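Taking it in order: structure first as structure tokens, then the write-up.
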Amino acid sequence: MKILVIGLDCAAPELLLGDERLVNLRRLMAAGAYGRLESVVPPITVPAWMCLATSQDPGSLGVYGFRNRLDRSYAKLGFASSRSIQELAIWDQLAREGKRSVIIGVPPSFPPRKVHGICVGCFLTPDPRTDAYTWPAGIKDEIAALVGEYEVDVKGYRTDRKAWLRDSIFRMSRKNFAVVRHYLTHAEWDFFQFVDIGLDRVHHGFWRYHDPLHVRHEPDSEFSGVIRDYYLHLDEEIGRILELLDAETIVLVTSDHGARRLDGGFCVNEWLVREKLLALTEYPKTVTPFAELAVDWGKTRVWSEGGYYARVFLNVKGREPEGVIAAADYESFRDDLKARLEATVPGTLVFKPEEIYRAVRNVAPDLIVHFGGLAFRSIGGVGYAALTIQENDTGPDDCNHAQFGAFILAAPNAALHGELTGVRLLDLAPTLLELAGSAVASSMQGRSLAGGGTERRKDGKTESGSGGGDSGEGALTPEGERIIRERLSGLGYI
């Protein structure tokens with residue numbers, strides 16, 4: 001049986017599942033099962049989409065966000081790419097059975113994955129006009145002939161130019177769906193997955209106009225209907241896609257995480273300075289990004305990277321070059337720090353990686369922090385007069401990610417109907433494989449919703465997978481690192 005996965009980045013369950021006007025999505029809901037979908041910690045695009053594809057948590061993948069420490073030094077941060085994740089994905093498992101896949105815009109997919117089929121790069125592609133963003137390479141020319149200049153993202157979406165942003169997102173999405181329809185019709189495939197990144201951009205750009213509870217809500221704005229209009233647009237595009245499928249195709253509509261209003265930011269490194277945990281040789285005269293601070297590492301015990309969530313690192317003797325915290329004091333110090341962080345903003349959640357992941361690979365944060373339960377993003381700079389601020393340090397942003405996204409699964413051969421509870425992102429790949437009559441990889445951690453699958457590895461540990469296809473191994477080249485850095489900087493992630 002064929003499988004189609006329609007990925008809607010950041011789709012909110014209350015909107016995706018609750019709007020009666022979305023007639024095509026309601027049709028899928030009536031034909032199958034649906035519900036809220038628990039994402040991973042942290043609930044962020046990278047690595048969440050690959051957590052879905054591999055059915056492994058971020059710790060097992062060794063990827064904790066867009067940027068990750070490459071070693072125990074203080075300055076070496078690497079940017080996630082397709083080469084960061086080598087574990088077996090659903091399309092790799094299907095390739096073992098001779099089945100072909102089409103993968104469009106599934107992050108991270110730059111450089112493009114050399115799948116058994118077709119791969120079109122995601123929003124991390126620096127410039128589709130000049131970079132090789134497809135596999136095979138000739139697919140790029142086909143796409144250009146079909147839609148002209150292909151758009152993987154809206155550059156500069158953190159902007160006050162809201163009319164321009166709205167029009168740009170809709171234009172990009174229409175082009176992307178045209179490409180999806182083309183390959184649904186003209187490519188040979190058994191598995192097809194694409195991700196619409198436009199929904200995430202619409203949420204980040206227009207949530208304040210949509211949500212009456214947003215601290216900056218503008219009820220009479222001309223943009224008050226943009227988010228709901230975009231969901232209607234997606235529903236129409238999905239309806240056009242459904243017309244192209246045969247009756248036996250398994251269809252999954254899913255998000256990687258949800259969306260919620262952003263109330264502001266918590267200046268985590270500013271707090272660490274005031275708590276005398278982060279030492280500077282000189283306090284900055286103006287707001288300064290963490291990477292530009294004069295840190296006195298010999299006196300620093302804790303530092304953090306900002307973003308939608310905080311990655312907190314401890315400076316441990318014998319582990320970091322100028323470690324301060326004795327290894328024997330590590331756990332008691334971390335417990336105390338966890339409690340202090342939980343007391344900063346009401347609703348703050350603090351996680352120890354080894355308590356939430358089956359394995360912890362590469363250099364993980366010592367603590368992962370969701371300030372205010374993700375109502376506040378983490379501000380990494382220092383030099384602020386207050387610890388909580390409303391403005392975003394990477395440009396205008398109305399929305400943060402939420403722990404729960406949504407899914408709709410219509411499978412003609414499954415007795416799955418109505419609303420399901422307790423479904424996790426990691427459950428989806430095993431479910432699809434079982435429904436399609438394919439083997440479920442032993443590395444997968446989720447349970448099949450179809451009833452035949454069980455949790456993998458009851459010992460709570462998962463070793464590395466046997467390889468994520470022929471996508472290349474190792475870190476990016478320095479040039480590749482540079483262009484990914486520029487891309488993420490332009491998007492406001494760093």
Review point. Taking region 120-133 as the search range and keeping residues that are out of contact with any Ser or Thr (no Cβ under 6 Å at 6 or more places or on another chain) and crowded, with 23+ Cβ neighbours inside 10 Å, which one is nearest to F66 (Cα to Cα)?
Key: L124
Revision key, fill the gap. Checked R340, R311 against criteria (surrounded by 22 or more Cβ atoms within 10 Å (Cβ to Cβ), basic (K, R) and either modelled with pLDDT of 95 or more or in contact with a Lys or Arg (Cβ under 8 Å, 6 or more places away or on another chain) (or both)); the one match is R311
Study note, to complete from the structure: Checked against (1) more than 25 Å from D200 (Cα to Cα); (2) touching a His at 6+ places or on another chain (Cβ under 9 Å); (3) in contact (Cβ under 8 Å) with a residue 40 or more places away in the chain, Y74 satisfies every condition except (2)
**Study point:** Single match in I238, I227 (criterion: assigned to a helix (DSSP H, G or I), open to solvent by less than 10 Å² (accessible area, probe 1.4 Å), in contact (Cβ under 8 Å) with a residue 60 or more places away in the chain and touching a His at 6+ places or on another chain (Cβ under 9 Å))
**Key:** I227
Exercise for review: Answer with yes or no whether Q93 is in a helix (DSSP H, G or I), of a type outside the set (D, E, K, R) and in contact with a helix residue (DSSP H, G or I) (Cβ under 9 Å, 6 or more places away or on another chain).
Suggested key: yes
Point to revise | Elements of type strands (runs of 3 or more DSSP E) contained in region 1-73, each with 1 or more residues being at pLDDT 95 or above, surrounded by fewer than 22 Cβ atoms within 10 Å (Cβ to Cβ) and in contact with a strand residue (DSSP E or B) (Cβ under 8 Å, 6 or more places away or on another chain) | key: 33-38, 67-69
Study note, to complete from the structure: Scanning region 277-297 for residues that are outside any loop (DSSP other than H, G, I, E, B) and either more than 33 Å from the chain's Cα centre (by Cα) or under 12 Å from Y74 (Cα atoms) (or both) gives F290, A291, V295, W297
Study note, to complete from the structure: Scanning region 298-346 residue by residue, those acidic (D, E) and assigned to a loop (DSSP other than H, G, I, E, B) turn out to be E320, E322
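Quick check: anything in region 249-260 farther than 23 Å from A411 by Cα, buried (at least 20 other Cβ atoms within 10 Å of the Cβ) and out of contact with any Ser or Thr (no Cβ under 9 Å at 6 or more places or on another chain)?
Looking through region 249-260, at least one residue is farther than 23 Å from A411 by Cα, buried (at least 20 other Cβ atoms within 10 Å of the Cβ) and out of contact with any Ser or Thr (no Cβ under 9 Å at 6 or more places or on another chain).
Being open to solvent by less than 30 Å² (accessible area, probe 1.4 Å) and either among the small types (G, A, S) or on the phi > 0 side of the Ramachandran plot (or both), is that true of even one residue in region 288-298?
Within region 288-298, none of the residues are open to solvent by less than 30 Å² (accessible area, probe 1.4 Å) and either among the small types (G, A, S) or on the phi > 0 side of the Ramachandran plot (or both).
To keep it simple, each residue is scored yes or no on (1) in a strand (DSSP E or B); (2) among the small types (G, A, S); (3) within 21 Å of S255 (Cβ to Cβ); (4) open to solvent by less than 10 Å² (accessible area, probe 1.4 Å).
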{"residue": "M172", "(1), (2), (3), (4)": "no, no, yes, yes"}
{"residue": "N176", "(1), (2), (3), (4)": "no, no, yes, no"}
{"residue": "E188", "(1), (2), (3), (4)": "no, no, no, no"}
{"residue": "V195", "(1), (2), (3), (4)": "yes, no, yes, no"}
{"residue": "R201", "(1), (2), (3), (4)": "no, no, yes, yes"}
{"residue": "G205", "(1), (2), (3), (4)": "no, yes, yes, yes"}
{"residue": "P212", "(1), (2), (3), (4)": "no, no, no, no"}
{"residue": "V215", "(1), (2), (3), (4)": "no, no, no, no"}
**Study point:** Residue count, region 347-384 (criterion: open to solvent by 40 Å² or more (accessible area, probe 1.4 Å), assigned to a helix (DSSP H, G or I) and not aliphatic (A, V, I, L, M))
**Key:** 2
**Study point:** Extreme residue, farthest from the chain's Cα centre (by Cα), among residues of region 135-160 that are in contact (Cβ under 8 Å) with a residue 60 or more places away in the chain and open to solvent by less than 50 Å² (accessible area, probe 1.4 Å)
**Key:** T159
Practice item. Look through L428, L433 and report the one residue that is part of a helix (DSSP H, G or I), open to solvent by less than 20 Å² (accessible area, probe 1.4 Å) and closer than 26 Å to I227 by Cβ. Key: L428
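Go over the candidates K114, K99 one by one and state the one that is more than 26 Å from Y209 (Cβ to Cβ), touching a Pro at 6+ places or on another chain (Cβ under 9 Å) and either buried (at least 23 other Cβ atoms within 10 Å of the Cβ) or modelled with pLDDT of 95 or more (or both). First the steps, then the outcome.
Working: K99 fails: touching a Pro at 6+ places or on another chain (Cβ under 9 Å).
None of the other options fit; the residue is K114.
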Point to revise | Matching residues in region 74-92 - criterion: being open to solvent by 10 Å² or more (accessible area, probe 1.4 Å) and closer than 12 Å to P107 by Cα | key: R83, S84
Practice item. With respect to R181, determine if the residue is closer than 25 Å to H203 by Cα, surrounded by fewer than 14 Cβ atoms within 10 Å (Cβ to Cβ) and modelled with pLDDT of 95 or more. Key: no
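The values are calculated or read from the model by the stated rules, or taken from the named source; none is laboratory data. If you're wondering where the values come from, they're calculated on a predicted model, not measured in any experiment. As a convention, Cβ positions derive from the backbone with ideal geometry for all residues, glycine included, and neighbour counts pool all protein chains shown. With ligands, DNA and RNA removed, areas are computed over all heavy atoms of the protein, side chains included. Shrake-Rupley method; radii C 1.70, N 1.55, O 1.52, S 1.80 Å.
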